[in-house]
Every structure is written in structure tokens, then in C-alpha cells.
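The values are calculated or read from the model by the stated rules, or taken from the named source; none is laboratory data. Please read these numbers as outputs of a predicted model, since none were measured by experiment. No Cβ is skipped: glycine too gets one built from the backbone with ideal geometry, and neighbour counts run over all protein chains shown.
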Amino acid sequence: MTATTFPRHIPSIPYSDPPSRLQTLDIWLPRPLEETSKNANNAIWLVYIHGGAWRDPFIESQSFEPTIKNLVASHSATLDNIAGIASLNYRLSPYPDHATQPSTPGDPERSARHPQHVRDVAHGIQHLQREYGMKRWIGIGHSCGATLLCQLISHVGLTAELIPSPQPEALILISGIYNLPLLIRNHLPPTTPEYISEIYKNFIIGAFGEDQAEWQAVSPVSGKYNAQQWPEGKLLVLCHSYEDELVERAQRDVMCVALDREGFNIVMEVGDDEDEVKAEGRRVVNVRDLKGGHDWIWEDGKQIAILAAEAVERLV
């Protein structure tokens, strides 16, 4: 019998019934589940939601592997407080002009439109809670994955039975899209070449339809994040890189305003006295500057691993 090595990777676990190609998740277990269950009330899960403009077939659950490798190599003490790590796939929106893997109208896995993406994420999280006993967890989202986590927390597109319980104690949002109309406005000609502007418009229409009023309604900046809406929420880490070539800094700025409105303490400096999250009723937003291009951040994984390790240590 071959001994199992840890962290143990279990790929392509279906969370839908019947199973489908993209309604799947990967998990990585730092130790046998029965060992974690002894400390289930304290150990924390990390749950990653990938980006890709709701439609890129090449960005999927295994895009979190560089972060996991960095966690294992450089943050072994943090792994002692992690129950498990999950990375979710979800059905994608149409991408008929993709260079090598164009979508077709007959493929239900690549014909999704809001709210199907966020509902898939909700189903995946409920699967983890039901089948793996996930209680405490941190959501990590990149690009539209950050958008999806915000929609999950603010219950945009969710029916009551799809709201995860419990919700995450913290979110780490990286290079996120928080105001859809603003994203379109900031990429209009003549500032942006016409063909680039069309790319932004096409992926928003593909994911949310052509009703621009709906774009604002489903944007994270329009959501609720107060203590009544998100009672478990203690920490939100809002990250962006000046080198990001796809999503501009204004997205982070408008989300800061929205969270301030919802009663969060906005902390710009690490170590600020207002940064404590364990005190009763504390709800903190950390604003962090990262380095590197939009996709390089997850391709490298080092900075995300640091953010995840810091969040775990602050919550345990």
C-alpha cells in the first residue's frame, strides 16, 4: 500500500447533481480529514474563486496551485491552522471568438449568464460545508472571482436556500471588478483603442446581458456588507497592483467607498491600531498594494500566499 503524501490533491470533485464538466472543485488537504475534525472549530478553510472575465477557458481551479506551493514552501506554520484548501470552477459565459477554444451555443458549460456563475459558487461552497464539514473559511478571489465573492456576500442573484451558512470570516479580493459601468467607461475610445473597448463590452454583455441598469444593480459597489447582511465578516483585504494592465485602480477606490458606507474601518497602513479584527464587533478593510501584472499575481502566487497566511494568523 502506497502512503498518501500531504497536502493531498483531489481534483475535479463534482458539486452538482447531475455532475457537469465545470461545476467541479479541487481540494488540497494538509492532513487526513479525521485529524482536522478534532480541531474543526478553529481550523480554517481557504476557498479560491478564479478570474478570467467570466469566460476564459484556460483559467480554472488549478490556477491556485502556485499559491498552494508557496504556502507549503514558506508558510508551514500557517498550514497547521488550515483545515483544507478548495478552488472552484463554475460555468462560463460565451466566448465565441476565442483564438483556440471558441465556445458554441450548444455547450451549456460555456453559455452561462448571471446569476448562474454566483449560484455555481454558492453550490460549491455548500458542498464543502455539507461533505467536508467546512465551518470557518476565508474567500480569496481574483478579478471576476473577487466580484463573485462580493455578490455571494451581498446575496446578489441568490435565493435564500443558496446563501452559505456560515459565510466567510474574511475575504481577500485581488484586482477585482466592483463597478461594471465604470469598467466600461474607463475603457472607451479615444482613451482605449476601439478593439480593446469592444473586448470589455463583449465580456460584460456575455456575462450580464445588455441592460446597463442591470450592470449597476449587480455590481459589488451596490451591495450590502453590513453586520446584519454579513454577521461573520471581520476582515476584508482589498488588493491591487499599479502594474495591473487590465483593471484600473479606480475599481479598488470605489469599493473602499462602498465598504466605508457599510460600516467597515478602512486601514491603509499595516500595523495601524485600527487593524485589530479579534475584538468584538470589529470589521476592518485592509487596503494593500501588490506588484506585477493582472495575471502574473496568480501565476506567481507568492503574494497571495502571504496574504492568505496573514489572514489565517489574524483570525485563529
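The number of residues in the stretch 105-120 being farther than 20 Å from TRP215 by Cα and not in a helix (DSSP H, G or I) comes to 3. Determine whether the stretch 2-11 contains at least one residue that is at pLDDT 95 or above and under 25 Å from GLY206 (Cβ atoms). No, that holds for no residue. Could you tell me whether any residue of the stretch 14-33 is free of Cβ contacts under 8 Å to residues at least 24 places away in the same chain and touching a strand residue (DSSP E or B) at 6+ places or on another chain (Cβ under 7 Å)? Looking through the stretch 14-33, at least one residue is free of Cβ contacts under 8 Å to residues at least 24 places away in the same chain and touching a strand residue (DSSP E or B) at 6+ places or on another chain (Cβ under 7 Å).
Here ASN70 clears all of (1) under 24 Å from LEU315 (Cβ atoms); (2) in a loop (DSSP other than H, G, I, E, B) except the condition numbered (2).
Would you please name the residue that is nearest to the chain's Cα centre (by Cα), looking only at residues in the stretch 248-282 that are of a type in the set (Val, Ile, Thr) and either at pLDDT 95 or above or surrounded by 14 or more Cβ atoms within 10 Å (Cβ to Cβ) (or both)?
Quick first cut of the stretch 248-282, residues of a type in the set (Val, Ile, Thr) only: 254, 257, 266-267, 270, 277.
Still in the running and either at pLDDT 95 or above or surrounded by 14 or more Cβ atoms within 10 Å (Cβ to Cβ) (or both): 254, 257, 266-267, 277.
Working: VAL254: 18, VAL257: 20, ILE266: 20, VAL267: 21, VAL277: 21 Å.
Per the stated criteria, the residue is VAL254.
Scanning the stretch 154-186 for residues that are in contact (Cβ under 8 Å) with a residue 60 or more places away in the chain, among the hydrophobic types (A, V, I, L, M, F, W, C) and farther than 18 Å from GLN251 by Cα gives VAL156, ALA170. Among all positions in the stretch 77-89, there is at least one residue which is under 26 Å from GLU34 (Cα atoms), out of contact with any strand residue (DSSP E or B) (no Cβ under 9 Å at 6 or more places or on another chain) and free of Cβ contacts under 8 Å to residues at least 60 places away in the same chain. Does PRO231 meet the test of being of a type outside the set (D, E, K, R), surrounded by fewer than 16 Cβ atoms within 10 Å (Cβ to Cβ) and either on the phi > 0 side of the Ramachandran plot or at pLDDT 95 or above (or both)? Yes: the conditions hold for PRO231.
Checking TYR200, TYR178, TYR242, TYR195 one by one, the residue that is aromatic (Phe, Trp, Tyr) and within 15 Å of the chain's Cα centre (by Cα) is TYR178 and no other.
Pull up the stretch 40-78, narrow it to residues that are farther than 21 Å from GLN129 by Cβ and among the aromatic types (Phe, Trp, Tyr), then point me to the one that is surrounded by the fewest Cβ atoms within 10 Å (Cβ to Cβ). In this case the residue turns out to be PHE58.
So which of SER16, SER63, SER20, SER87 ends up being in contact with a helix residue (DSSP H, G or I) (Cβ under 9 Å, 6 or more places away or on another chain), at pLDDT 95 or above and in a helix (DSSP H, G or I)? Can you show your working first?
Numbers: SER16 fails: in a helix (DSSP H, G or I); SER20 fails: in a helix (DSSP H, G or I); SER87 fails: in a helix (DSSP H, G or I).
Going through SER16, SER63, SER20, SER87 in turn, the sole match is SER63.
Just a yes or no: is a residue in the stretch 27-41 within 17 Å of the chain's Cα centre (by Cα), assigned to a helix (DSSP H, G or I) and of a type in the set (S, T, N, Q)? No, the stretch 27-41 contains no residue that is within 17 Å of the chain's Cα centre (by Cα), assigned to a helix (DSSP H, G or I) and of a type in the set (S, T, N, Q).
If I filter the stretch 254-261 for residues that are in contact (Cβ under 8 Å) with a residue 60 or more places away in the chain and either part of a strand (DSSP E or B) or out of contact with any strand residue (DSSP E or B) (no Cβ under 9 Å at 6 or more places or on another chain) (or both), do I get at least one hit?
Quick first cut of the stretch 254-261, residues in contact (Cβ under 8 Å) with a residue 60 or more places away in the chain only: 254-255, 258.
Within this subset, residues satisfying the condition of being either part of a strand (DSSP E or B) or out of contact with any strand residue (DSSP E or B) (no Cβ under 9 Å at 6 or more places or on another chain) (or both) are 254, 258.
Yes - at least one qualifying residue is present in the stretch 254-261.
If you check GLY133 against the conditions, is it small (Gly, Ala, Ser) and at negative phi?
Numbers: small (Gly, Ala, Ser): yes; at negative phi: no.
Here the answer is no, as GLY133 does not meet what is asked.
Taking the conditions exactly as written (polar (S, T, N, Q) and surrounded by fewer than 21 Cβ atoms within 10 Å (Cβ to Cβ)), does ASN179 satisfy them or not?
Working: polar (S, T, N, Q): yes; surrounded by fewer than 21 Cβ atoms within 10 Å (Cβ to Cβ): no.
Answer is no for this residue.
Give the stretch 130-144 a look and list any residue that's touching a Leu at 6+ places or on another chain (Cβ under 9 Å), more than 23 Å from ARG314 (Cα to Cα) and crowded, with 22+ Cβ neighbours inside 10 Å, or say none.
Initial filter on the stretch 130-144 (touching a Leu at 6+ places or on another chain (Cβ under 9 Å)): 132-134, 136-143.
Next cut, more than 23 Å from ARG314 (Cα to Cα) only: 132, 143.
Passing the criteria: only SER143.
Of the residues in the stretch 121-143, not one is in a strand (DSSP E or B), among the aliphatic types (A, V, I, L, M), without any contact (Cβ under 8 Å) to a residue 60 or more places away in the chain and closer than 30 Å to ARG31 by Cβ.
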